[in-house]
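The block underneath contains the structure these notes are about, expressed in structure tokens.
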Amino acid sequence: MAPTVTHIQTIERALRAGAPHELLGTLRAGFVQHFGATGVDLLVADYSSTVLQPVTDLPHKDRPLAVQATPEGRAFISQEPYGKHLSEDGAIELHLPVTVRGDRLGILTVRLPEDRCTPEAVEEMTGLAEVLGHEIVVAERDTDLYLQARRSQRLTLAAEMQWQLLPARSCARQEYAIGGQLEPAYDIHGDNFDWSTTADTLTLTVTNGMGEGIHASLLTNLAVNALRNARRAGIGIADQAALADQAIYAQYQGAQYVSTLLLFFEIATGRVQVVDAGSPQLWRQRDRSVERVAFEAQHPLGMFDETLYEAQEFQALPGDRLVFVSDGVYGALSGAGEAYEDRALARAIQAVSFLPAAAVPGAMLEELRAYREADPDDDALVVCLDWFGRSTAPSQ
């Protein structure tokens, strides 16, 4: 008999009541009992989003799976359930996205008899995979299990601090979708991004702290938290920049500073306020055209005491793709010494037009690695924002 709503609610309650490190075991027991599953495994995307790592206790012995060219990776990229027959016993191996509000955490793999893999069961298990994702986000407050599983190699201390500072790697709602990626993922220093949304607004910041290693990470941590503190006080982005500028200058007296791009979106209209305080760039793809959107440059945060900032404006239209890049991207040099910005960056943005926002940063950074033909000398950051808008947005 097909699982009932009561069965689904039973599994959800068990997940919420279970210990943080036992989520997979709790879910597995529910799937065995109610869906006839013969195996349930959880894989999470690593920090570079190139492999899916099995969630097991230390030391990790199971082999990671590539995102590209694997059934699990297919489900991860498409964000759709994907199943295949297992020839040895005729069972179905079903790969389900584990995603929380657009943030792609990993894949839940379920093996079950073919006669139990009905459309209704797939829909219910897909919903439970999403519930699992929400519970993982909560559980990470109390256990390192899932964070440890994400790493295919050891993170530097600076990278650990930077990744913990992020809101997520992607998010989505009806009006927009965002994806971001930092490279080198296991040795990132000063690049970072942040966002916050309300019913009517979206605030997005892209930061690039100067320096290397732990010094750059500490600087960026101060900048991001100063901006958050000001944002949560309910003030505009120009004053957010000014208060963060004061906090950084008070600590470093102008010897260290942070290049920052701050944006405040009115979701109903697509009107955007911008403070350009440094090196991050914004590129816009509108229809088939790709161009850099330039603003009046203002001083980086912390360079001078009590700097005053002014917000500029532009209009985001439904269908726009906004791509934010740090100097480690647009300034990267090819083997022939040509900067990536000169010709290749616009082509790279056009080449990934078919990808969703969450997949764009990784694809662009992969192309960048091939372009520069060497290990990076600088951090590289890409953030992609697809703007869908609301039906009431003005047509311009």
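So which residues in the range 218-246 are small (Gly, Ala, Ser) and in contact with a Ser or Thr (Cβ under 9 Å, 6 or more places away or on another chain)?
The answer is ALA223, ALA241, ALA242, ALA244.
Scan the range 243-263 and tell me whether some residue there is outside the structural domain of VAL138 (by the TED database), modelled with pLDDT of 95 or more, of a type in the set (Asp, Glu) and more than 30 Å from ALA370 (Cα to Cα).
Checked the range 243-263: at least one residue is outside the structural domain of VAL138 (by the TED database), modelled with pLDDT of 95 or more, of a type in the set (Asp, Glu) and more than 30 Å from ALA370 (Cα to Cα).
Between ASP320, ASP287, ASP305, which is surrounded by 16 or more Cβ atoms within 10 Å (Cβ to Cβ), acidic (Asp, Glu) and touching a residue at least 12 places away in the same chain (Cβ under 8 Å)?
Going through ASP320, ASP287, ASP305 in turn, the sole match is ASP320.
Return the residues of the range 209-241 that are outside any helix (DSSP H, G or I) and modelled with pLDDT of 95 or more; say none if nothing qualifies.
ALA233, GLY234, ILE235, GLY236
Looking at GLY236, GLY213, GLY278, GLY254, which is the one that is surrounded by fewer than 16 Cβ atoms within 10 Å (Cβ to Cβ) and either among the aliphatic types (A, V, I, L, M) or under 18 Å from LEU308 (Cα atoms) (or both)?
Details: GLY236 fails: surrounded by fewer than 16 Cβ atoms within 10 Å (Cβ to Cβ); GLY213 fails: either among the aliphatic types (A, V, I, L, M) or under 18 Å from LEU308 (Cα atoms) (or both); GLY278 fails: surrounded by fewer than 16 Cβ atoms within 10 Å (Cβ to Cβ).
The conditions single out GLY254.
Can you find a residue in the range 227-246 that is within 21 Å of the chain's Cα centre (by Cα), within 26 Å of TYR330 (Cβ to Cβ) and not β-branched (Val, Ile, Thr)? Talk me through it step by step, then tell me what you get.
Our first condition is that a residue be within 21 Å of the chain's Cα centre (by Cα); within the range 227-246, this holds for 227-228, 231.
Subset that is within 26 Å of TYR330 (Cβ to Cβ): 227.
Okay, now just the ones that are also not β-branched (Val, Ile, Thr), so 227.
Yes: the range 227-246 contains one or more residues that are within 21 Å of the chain's Cα centre (by Cα), within 26 Å of TYR330 (Cβ to Cβ) and not β-branched (Val, Ile, Thr).
Out of LEU262, LEU227, I need the residue that is surrounded by 24 or more Cβ atoms within 10 Å (Cβ to Cβ) and closer than 22 Å to ALA177 by Cβ. Which one?
Of the residues listed, the single one that is surrounded by 24 or more Cβ atoms within 10 Å (Cβ to Cβ) and closer than 22 Å to ALA177 by Cβ is LEU262.
Considering every residue within the range 37-49, establish whether at least one is closer than 18 Å to ILE136 by Cα, touching a helix residue (DSSP H, G or I) at 6+ places or on another chain (Cβ under 8 Å) and part of a helix (DSSP H, G or I).
No, the range 37-49 has no match at all.
For the range 25-47, indicate whether the set of residues that are more than 28 Å from ILE8 (Cβ to Cβ) and under 23 Å from the mean Cα position of the chain (by Cα) is non-empty.
Filtering the range 25-47 for residues more than 28 Å from ILE8 (Cβ to Cβ) gives 46-47.
From what's left, under 23 Å from the mean Cα position of the chain (by Cα): 46-47.
For the range 25-47, residues more than 28 Å from ILE8 (Cβ to Cβ) and under 23 Å from the mean Cα position of the chain (by Cα): present.
Return the residues of the range 185-206 that are buried (at least 19 other Cβ atoms within 10 Å of the Cβ) and over 25 Å from GLN153 (Cβ atoms); say none if nothing qualifies.
ASP194, TRP195, LEU202, THR203, LEU204, THR205, VAL206
All but one of (1) without any contact (Cβ under 8 Å) to a residue 40 or more places away in the chain; (2) out of contact with any strand residue (DSSP E or B) (no Cβ under 6 Å at 6 or more places or on another chain); (3) surrounded by fewer than 23 Cβ atoms within 10 Å (Cβ to Cβ) hold for ALA348, so report the exception by its number.
(3)
Pull out all pairs, ordered by first then second residue, where Cβ-Cβ is under 6 Å, the residues are six or more apart or on different chains, the first lies in the range 263-274 and is within 15 Å of ALA238 (Cβ to Cβ), and the second is assigned to a loop (DSSP other than H, G, I, E, B) and of a type in the set (A, V, I, L, M, F, W, C).
Between residues of the range 263-274 that are within 15 Å of ALA238 (Cβ to Cβ) and residues that are assigned to a loop (DSSP other than H, G, I, E, B) and of a type in the set (A, V, I, L, M, F, W, C), the close pairs are VAL272/ALA316; GLN273/ALA311; VAL274/PHE295.
Please verify whether GLU296 is in contact (Cβ under 8 Å) with a residue 24 or more places away in the chain, under 30 Å from GLN251 (Cβ atoms) and assigned by the TED database to the domain that holds ALA380, treating the condition exactly as stated.
Criteria not met by GLU296.
Which residues, counting only those in the range 66-82, are within 20 Å of the chain's Cα centre (by Cα) and farther than 24 Å from GLU123 by Cβ?
Result: ALA66, VAL67, GLN68.
Yes or no, residue by residue, for (1) part of a strand (DSSP E or B); (2) more than 30 Å from GLU266 (Cα to Cα); (3) of a type outside the set (S, T, N, Q); (4) modelled with pLDDT of 95 or more:
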| position | (1), (2), (3), (4) |
| --- | --- |
| GLN153 | no, yes, no, no |
| TRP163 | no, no, yes, yes |
| CYS171 | yes, no, yes, yes |
| ALA177 | yes, no, yes, yes |
| GLN181 | yes, no, no, yes |
| HIS189 | no, yes, yes, no |
| PHE193 | yes, no, yes, yes |
| THR203 | yes, no, no, yes |
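The values are calculated or read from the model by the stated rules, or taken from the named source; none is laboratory data. None of these values were measured; they are calculated from a predicted model. A quick note on method: Cβ atoms are made from the backbone with ideal geometry, for glycine too, and the neighbour counts reach across all protein chains shown.
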